[in-house]
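All remarks here apply to the structure that follows.
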Amino acid sequence: MSEEILINVTPQETRIAYVENGVLQEINIERSRSRGIVGNIYQGRVSRVLPGMEAAFVDIGLERAAFLHVSDIELKPEEKETGVETRPRMIYDLLRTGQNLVVQVIKDPLGTKGARLTTEITIPSRYLVYLPNGRNIGVSSRIEDPIQRDRLKDFLGKFMAESIERTGDNEIGGFILRTAAEGATAEALRQDYDFLLRLWASVQERQSQTNGVGLIFEDLPIALRTLRDVLGRYVEKIRIDSRETYHRAIQFAQEMVPDILPMLEHYPGERPLFDMHNIEQEIANAMERRVPLKSGGYIIIDQTEAMTTIDVNTGGFVGSKNLEETIFKTNLEAASTIARQLRLRNLGGIIILDFIDMIEPDHRLAVQETLKRSLEADHARTKVCEVSGLGLVEMTRKRTRESLEHILCEVCPTCGGRGTVKTAETVCYEIFREVTREARQYHAKQMLVIASSAVIDRLREEDSTSLAELQEFIGVPLRLQADVHYLPEQYDIVLM
């Protein structure tokens with residue numbers, strides 16, 4: 001498998017496309033006016049404590065107060081070491097209104113909800129994650145070789161011991177060795193280690209100079225964050241169509257990730273970078289409810305505020321053997337397609353998958369395994385439950401930012417987000433009722449009905465007899481006027 005990362009930069013936004021074997025798998029968008037704040041560290045002030053929710057609202061200088069749950073408040077060092085608490089922690093034992101504290105954003109504001117916070121500060125670099133309030137050394141579970149794990153922990157333990165001996169400070173903090181650290185040299189780890197300590201010292205200095213609430217550490221822009229965080233061993237090229245961003249990437253790579261320098265490439269072509277892999281069309285397709293499968297079947301994706309539902313259908317696929325085999329093949333293809341669509345659309349939270357009912361237990365198990373295997377490449381954490389007897393699969397996918405649809409789209413002004421509008425026939429009958437109501441309430445000499453062209457055309461044609469009967473019943477002449485600016489459900493009745 002080969003992976004290529006394409007970075008498209010304009011003054012208004014930066015778009016990152018992850019392409020595997022020539023097919024778009026994921027798209028991240030960061031706009032200059034609405035840049036994400038996950039990873040940023042703030043000096044905050046508790047504005048309200050909510051014992052009933054075991055949470056608090058914290059003012060960090062944004063439009064909406066951020067949310068801090070008791071489970072996201074870091075344990076004290078002695079509690080971490082024992083692993084036991086004397087009693088369940090209560091929010092009123094930990095926070096009070098007006099209290100200042102350092103917090104980090106773990107989830108961007110979504111819809112009407114404010115950002116979600118934690119007091120467990122983490123600062124990542126290429127190979128390490130620094131926990132200023134920690135004490136231990138952890139290793140990514142994806143580094144499975146015990147020799148590698150011990151080697152890396154020994155290196156880091158030596159660095160920490162030297163720091164303690166030099167400074168006399170036992171509170172160095174904790175570290176987690178990231179997956180990318182596997183095979184890293186001691187020198188590379190040392191560079192990351194020293195960089196993180198210097199960075200944290202600058203954060204502390206800025207905090208001491210901040211009297212009120214405000215930002216004290218801002219994470220990297222999305223292009224540089226991508227170089228730091230998301231690279232895998234299959235990445236072959238990183239193409240950037242902005243010369244300025246390319247030079248910044250070169251400088252960043254030289255300091256932080258020198259091993260990716262050969263992968264960086266500036267794209268100066270006249271043809272837009274994203275057109276090379278038909279990415280613009282893929283983004284347009286990701287806005288559609290219906291996603292076709294190669295077999296002739298299709299899936300329907302409906303995103304709501306509470307959850308996302310995905311329905312699998314055989315469509316025009318009739319198979320070649322029997323019904324059960326047709327259903328099984330459709331579900332297998334849908335499982336891999338669903339995993340790709342979750343990444344591409346950045347769908348998170350609770351997700352319900354309605355596979356076509358399968359009789360054979362082995363088939364249900366195979367579909368579930370295919371789904372799990374397809375989700376392994378996803379950078380977001382996922383959890384998949386067993387296939388139920390009805391063919392439903394419940395799963396969750398970690399959501400830290402808005403979905404692609406929420407970034408690129410807004411609620412339809414015509415239907416208000418329902419996804420449907422009333423028919424012209426329904427609106428005509430509403431007009432009849434409203435005309436009758438106003439005729440009884442007011443004594444008008446004439447009434448003018450203004451509506452969309454489709455509604456007026458129906459009143460003049462299919463419902464012309466009903467309109468004539470209505471005029472005779474109320475004893476008031478009715479005039480009709482079409483307005484091209486009126487929406488399908490919009491109408492006005494003017495008394496004259």
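Miscellaneous remarks
- Segment 267-295, subset over 27 Å from the mean Cα position of the chain (by Cα) and either buried (at least 16 other Cβ atoms within 10 Å of the Cβ) or in contact (Cβ under 8 Å) with a residue 40 or more places away in the chain (or both), residue farthest from ILE5 (Cα to Cα): SER295
- Test: residue in segment 134-155 that is within 20 Å of ARG381 (Cα to Cα) and surrounded by 19 or more Cβ atoms within 10 Å (Cβ to Cβ): yes
- When restricted to residues that are farther than 18 Å from THR400 by Cα, surrounded by fewer than 23 Cβ atoms within 10 Å (Cβ to Cβ) and either in contact (Cβ under 8 Å) with a residue 40 or more places away in the chain or not acidic (Asp, Glu) (or both), segment 341-360 contains 5.
- Scanning segment 202-226 for residues that are of a type outside the set (S, T, N, Q), in a helix (DSSP H, G or I) and open to solvent by 50 Å² or more (accessible area, probe 1.4 Å) yields GLU205, ARG206, ARG225.
- Number of residues in segment 248-274 that are out of contact with any Pro (no Cβ under 9 Å at 6 or more places or on another chain), outside any loop (DSSP other than H, G, I, E, B) and closer than 18 Å to ASP229 by Cα equals 15.
- Filter result for VAL411 (closer than 30 Å to THR382 by Cβ and either open to solvent by 70 Å² or more (accessible area, probe 1.4 Å) or at pLDDT 95 or above (or both)): yes
- Test: residue in segment 289-307 that is assigned to a helix (DSSP H, G or I) and of a type outside the set (Lys, Arg): no
- Verdict on GLU280 being under 20 Å from PRO221 (Cβ atoms), among the charged types (D, E, K, R) and part of a helix (DSSP H, G or I): no
- Scanning segment 142-181 for residues that are at pLDDT 85 or above and of a type in the set (Gly, Ala, Ser) yields GLY157, ALA161, SER163, GLY173, GLY174, ALA181.
- Failed condition for LYS321, given (1) at pLDDT 85 or above; (2) among the charged types (D, E, K, R); (3) more than 25 Å from ARG15 (Cβ to Cβ): (1)
- Matching residues, segment 441-467, being open to solvent by 50 Å² or more (accessible area, probe 1.4 Å) and among the hydrophobic types (A, V, I, L, M, F, W, C): ALA454
The values are calculated or read from the model by the stated rules, or taken from the named source; none is laboratory data. Quick caveat, the model's predicted, so the values are computed rather than measured. With ideal geometry, Cβ positions are generated from the backbone for all residues, glycine too; neighbour counts draw on all protein chains shown. Remember, those area values only see protein heavy atoms, side chains included, never the ligands or the DNA or RNA. Shrake-Rupley method; radii C 1.70, N 1.55, O 1.52, S 1.80 Å.
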